[in-house]
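*Asks:* Okay, handing you the structure first.
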Amino acid sequence: MKPAKTFKQQARVAEKAAQETADEFVSRQMKALASGFRAQAKVLKKKKKKGKKKKGYDERVSSKLSRPG
């Protein structure tokens, strides 16, 4: 499973645990944990998109440079 997807799944589990617990402190902690997992997933996804854009640009530039004439 991809890392971003794993973090999203962990966020869902933490959110569910937050809803099911009777302890308010634990509930807040689980919500904060879920928020952190979502933030990590977002960063990984953004980083992956940035890498793809950069790679595409490099391929275009190198193909133009290697053409004769």
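*Asks:* Among the residues of region 13-51, how many are within 14 Å of the chain's Cα centre (by Cα) and open to solvent by 50 Å² or more (accessible area, probe 1.4 Å)?
*Replies:* 13
*Asks:* Same structure again: GLU20 is checked against (1) within 18 Å of THR6 (Cα to Cα); (2) modelled with pLDDT of 90 or more and fails just one. What number does that condition carry?
*Replies:* It fails just one condition, (1).
*Asks:* Report yes if some residue within region 60-68 is open to solvent by less than 60 Å² (accessible area, probe 1.4 Å), in a helix (DSSP H, G or I), at pLDDT 60 or above and of a type in the set (Ser, Thr, Tyr); otherwise report no.
*Replies:* No - not one qualifying residue is present in region 60-68.
The values are calculated or read from the model by the stated rules, or taken from the named source; none is laboratory data. All of these numbers come straight from a predicted model, not from anything done at the bench. Ligands, DNA and RNA are excluded from the accessible area calculation, which covers all protein heavy atoms including side chains. Shrake-Rupley method; radii C 1.70, N 1.55, O 1.52, S 1.80 Å.
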